[in-house]
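The values are calculated or read from the model by the stated rules, or taken from the named source; none is laboratory data. Fair warning: this is a prediction, and the values are worked out from it, not measured in the lab. Ideal geometry is used to build each Cβ from the backbone, glycine not excepted, and the neighbour counts take in all protein chains shown. Side chains included, ligands, DNA and RNA excluded: accessible areas come from the protein's heavy atoms. Shrake-Rupley method; radii C 1.70, N 1.55, O 1.52, S 1.80 Å.
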Amino acid sequence: MDTEKFFTEEEKKIFISRYRELFGVLSEGLEKDDIPKIRQLLKPVAAMECYGRDRNGINGLIRNVETALIATRDIGLKRTSVLALILYRPVLKKAITVEEVEKAFNSDVSLMINRLLRTSDLYARNTAINSENFHHLLFSFAEDVRVILIMIADRLCMMRLGKEIADEKDRIRLATEVSYLYAPLAHRLGLYKIKSELEDLSLKYLDAKQYYCIKDKLNETKRSRDEYIEKFIRPVRKKLEEAGLKFEIKGRTKSIHSINSKIKKQKVEFEGIYDLFAIRIVLDSAQAGEHSDCWQAFSIITDMYQPNPKRMRDWLSVPKSNGYESLHITVLGPQKRWVEVQIRTQRMDEIAEKGLAAHWKYKGGQAEHGLDEFLADVRAVLETQGSTPMDLMKEFKTELYQDEIYVFTPNGDLIKLGRGATVLDFAFAIHSKIGSRCISGKVNGKNVPIKQVLNNGDMIEVVTSPAQTPKRDWLSFVATSRARTKIKQALREEHAKSAEPAREQLRRRMKNRRANVDEAVLMRYIKKKGYKTVTDFYLDIAEEKLDINTVIDECVEQEQKEKEAPEHADVRSAEEYVANIEARELSTHQDILVIDRNLTGIDYRLAKCCNPIYGDPVFGFVSTQGIKIHRMNCPNAPEMRTRFGYRIIPAEWSGKGTSGYAVSLRIVGNDDIGIVTNITSVISKENRVSLRSINIDSVDGLFQGTFVIIIPDTSTLTVLIKKLQGVKGVKSIRRMN
């Protein structure tokens, strides 16, 4: 291969190093002629530039080998997966064929490549990625959990290369996808190390200010933290050695994302977080004596330091569903500080680092045989109902065994249907009117009848006719409850048209007999007769199953009885009435927000949780009340990305800031009325800025004031804050959410 065509000098060094490391890790699992076969297959690749740089300039070959290294070293995938990963792109670019791969290796490798190609094809349909159902279709397309594990490895590789992604929108899109899909998935599979790194990198790209703030403060406190850890560990090490235990003990600082979550959850500053680290004791024990050694170490720790029983976690007696085993206890250490201690063995620690990928190693299996056991364990985990922050996998069992399918509209939108769904089901899933007028369809460009059963990934176009109406026999082949309900509803409406003459006949007959029966009385009579719908009642009259004169007589009799009965109405005070009215507040700002794909003129609201103003980095969130605009660093943003990432859409300001936005500034200073006067004076002199309200508190010689101002954009706000910081006596200014 002509490496000069692909690499800079620095990239060539990186590639050679990673390549050697990869095949060093794989050496035991490879067959002796695997590497010569790979080289032979890849000879035509250089000429076709299959591994060329992407639009952000990232070298495709380095990305490929880095992903393969993560998949083997950090996850534990073996020969089949890595060969498929290396050869998949040349097959995608048609430099080599799947048949050539199968001939050189085996059907397992070619099958894995086909599955990677299907998943790649899914990602190529960009419109589907933001869909709520995208992850379901992803699992269905992948078919093999190893494909999902490869995708996790690829996303970690891309996040590590994040600085090289020139387009900030691409970087934010990748980080958002990772935070709501791949990090929770890695957690679900027990890949805690990968999960933590994905979360940290997502925070770095989505809220860089908070990420570096925590990182800098961790660096500032590292010395004192290391000293405290050593002070805690020293006597523990001595006691464990006296007990004859073999072990390794170390302090581990918690991830930046984890610390940020604690700051948000506990609503404190960094300084208010005390459990910034955990002590980990890893015992060198034979598998037969693991539990007794762990409990012995536990006993030693709790004898030395007071434990907190509420924070005791025993995943030793009953491991987590993903195989995690460990004892966690929080104890009161020196200086009355709570310290988390984790106790586990080397085997447990490896499983905690690599997740279920480490299981095969301890079950007597080798290479692919052990990997098969690992995959069986993965499937068991995926089939276990869990409760992760966003439990993406709780319905995976049904998807894995194809109880549901995912198909596309011609525009690329994703529709979820039950297995066995037809073209008619799809039509009703789009809209009831389309379903009612459906006469046929086109599946992947081919004309098909409305009874045609659909498959995963089909693209369907519905053919309609204004003359078409729902038929009763449709109920015999539709598979979804929505279609069945809509067909029945349409048939009832047809019945209602048939019942209308009977309704008019009853009304005229009552008028002729001067039987002015109240409508409410008639409704109660119909219910008393056992009819579920009024239409059924009138149909029976039309079909002469009910005698119309008898109906009138019985209605008159019932009305007379009701008039004679004493009225017992509950009296309630008018004060108990509660109006449930919510004002609809659409944006009236004239500033232009470009939402999603260069769309303007869309109704939106500015979220009250973070009060974005013109110039703030923002994103859109599709809620039940429409699109809400949030700041990128909104306190609710992490939860929205984690739980509802598919609802997040890009948004950015355009044009010029001409509207006024309310911003609350929290100002702390010396308790002097002159300061307040000076602050209001600075605000009043600022062009295009006005003061809406002031709220002042005075505590211990300091005043704390909330100033609500109307301001056009962030640049004006920045200038104003700098001027206010220059007012004598002002100690701090903070923009409130």
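Per residue, how many Å² of accessible area does region 253-358 show with a 1.4 Å probe?
45
Roughly how many percent of the accessible protein surface of region 172-256 is carbon and sulfur, given a 1.4 Å probe and a whole-percent answer?
Answer for region 172-256 is 48 percent, counting heavy atoms of protein chains only.
Return the FRET efficiency for the residue pair Asp284, Ser224: r is the Cβ-Cβ distance, R0 is 41 Å, and the value is rounded to the nearest 0.05.
Working from the Cβ atoms, E equals 0.85.
With every protein chain kept in place and ligands, DNA and RNA left out, what is the accessible area per residue of region 514-566? Probe 1.4 Å, answer in Å².
Accessible area per residue, region 514-566: 68 Å².
Pop a pseudo-label 7 angstrom from the Cα along the beta-carbon direction at both Gln560 and Ile38 and give the gap in nm to one decimal.
9.7
Could you tell me what fraction of 2.2 N^0.38 Å the Cα radius of gyration of region 49-88 comes to, as a two-decimal ratio?
Expressed relative to 2.2 N^0.38 Å, the Cα Rg reads 1.22.
One quarter of the convex hull surface, Cα atoms only: what value does that give for region 612-732 in nm²?
9.0
Per residue, how big is the convex hull around the C-alpha atoms of region 436-552? Give it to me in cubic angstrom, could you?
133
Debye calculation, C-alpha points only, no solvent: report log10 I(q)/I(0) for region 230-275 at q = 0.14, 0.15, 0.23 Å⁻¹, in the same order as the q values.
The Cα Debye sum returns log10 ratios of -0.53, -0.57, -0.77.
Rg/Rh for region 208-314: what does it come to with C-alpha atoms and Rh from Kirkwood?
1.04
To the nearest Å, what is the center-to-center distance of region 419-479 and region 54-77, using C-alpha atoms only?
43
With N set to the residue count of region 504-566, report its C-alpha Rg divided by 2.2 N^0.38 Å to two decimal places.
Dividing the Cα Rg of region 504-566 by 2.2 N^0.38 Å gives 1.09.
Starting from the Cα of Ser654, step 7 Å along the direction of its Cβ; do the same at Asn695; then give the gap between the two resulting points in nm.
3.7
Could you compute the FRET efficiency for Gln725 and Lys264, with r as their C-beta to C-beta distance and R0 at 25 Å, rounded to 0.05?
Computed FRET efficiency for Gln725 and Lys264 comes out at 0.40.
Roughly how many percent of the accessible protein surface of region 624-737 is carbon and sulfur, given a 1.4 Å probe and a whole-percent answer?
Carbon and sulfur together cover 48 percent of it.
Per q in 0.15, 0.23, 0.30 Å⁻¹, report the Debye log10 I(q)/I(0) for region 419-469, using one uniform scatterer on each alpha carbon and no solvent.
For region 419-469 at q = 0.15, 0.23, 0.30 Å⁻¹, log10 I(q)/I(0) is -0.32, -0.75, -1.20.
I want to verify the translational diffusion coefficient of region 255-351 in µm²/s; compute it with Stokes-Einstein, Rh as the Kirkwood radius over Cα pairs, at 10 °C and 1.306 mPa s.
This corresponds to a translational diffusion coefficient of 109 µm²/s.
Classify region 193-260: rounded, prolate or oblate, from the alpha-carbon gyration tensor (a ≥ b ≥ c, eigenvalue square roots; a/c under 1.5 rounded; otherwise prolate if a/b is larger than b/c)?
It comes out oblate by the Cα gyration axes.
Based on the Cβ-Cβ distance from Arg73 to Arg252, what FRET efficiency comes out when R0 is 25 Å, to the nearest 0.05?
E(calc), rounded to 0.05, equals 0.80.
Are there trypsin sites (Lys or Arg not before Pro) in region 198-264 that DSSP marks as loop and that have at most 15 other Cβ atoms within 10 Å, and which are they?
Taking region 198-264 and a limit of 15 other Cβ atoms within 10 Å, the loop trypsin sites (Lys or Arg not before Pro) found are Lys246.
Along Cα→Cβ, 7 Å out, is where each label goes; now give me the distance between the ones at Ile14 and Ile434 in nm to one decimal.
4.5
Using the structure shown, select from Lys528/Lys561; Lys163/Lys264; Lys195/Lys320; Lys193/Lys246 the pairs with a Cα to Cα distance greater than 20 angstrom.
Lys163/Lys264; Lys193/Lys246
Tell me, what is the per residue accessible area of region 677-722 in Å², probe radius 1.4 Å?
54
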